[in-house]
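One structure is given here, and the rest of the page talks about it.
No value in this document is a laboratory result; all are computed from the given coordinates. Computed from a predicted structure; not experimentally measured. With ideal geometry, Cβ positions are generated from the backbone for all residues, glycine too; neighbour counts draw on all protein chains shown.
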C-alpha cells in the first residue's frame, strides 16, 4: 500500500489506472474501500481529493504488484 502525492493531477492518475491489469483500490483510514475502475468510486474519490484529512491518510492498494510501477509518479511510500 502506498500514499498519494499531494500534487498530482487526478484526471491523469485516473487515466493511468485504466492501464493497470489488476484492480486498484483507494482505502480510507475509516475502512472504506473504493475500486478506482468504477465510475461511481472515481466520483467519490474526486470528492475525497478536496478533503486533506482523507487524502493524506488514505492509501492506494494494487491487486497486482506490477501495477504499482505504472502509478509510481503518483505514489510514495508512507508509514504502513
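Given springs between every Cα pair under 10 Å in a Gaussian network model of the chain, which of 33, 44, 60 has the largest fluctuation?
Of 33, 44, 60, the Gaussian network model singles out 44 as fluctuating most.
How much length is gained on full extension from residue 66 to residue 38, taking 0.36 nm per residue of separation minus their Cα-Cα distance?
Contour length minus Cα-Cα distance gives 8.1 nm.
Just the Cα atoms of segment 3-76: what Rg and Dmax do they give in Å?
Calculated on Cα positions, Rg and Dmax stand at 11.0, 29 Å.
Once every DSSP H run of n ≥ 4 in the chain is given -39500 (n - 2.57) and the sum is divided by its residues, what mean residue ellipticity at 222 nm do you get, rounded to the nearest 500 deg cm²/dmol?
-8500 deg cm²/dmol
Tell me, what is the percent relative contact order of the chain, built from C-alpha pairs under 8 Å that lie six or more residues apart?
Dividing the mean separation by the residue count of the chain yields 48 percent.
Please arrange 5, 61, 50 by how many other C-beta atoms lie within 10 Å of their C-beta, fewest to most.
Working: 5 12, 61 15, 50 8.
The most exposed by this proxy come first: 50, 5, 61.
Would you mind telling me which residue in 31, 22, 58 has the biggest mean-square fluctuation in a Gaussian network model of the chain, where springs connect alpha carbons within a distance under 10 angstrom?
31
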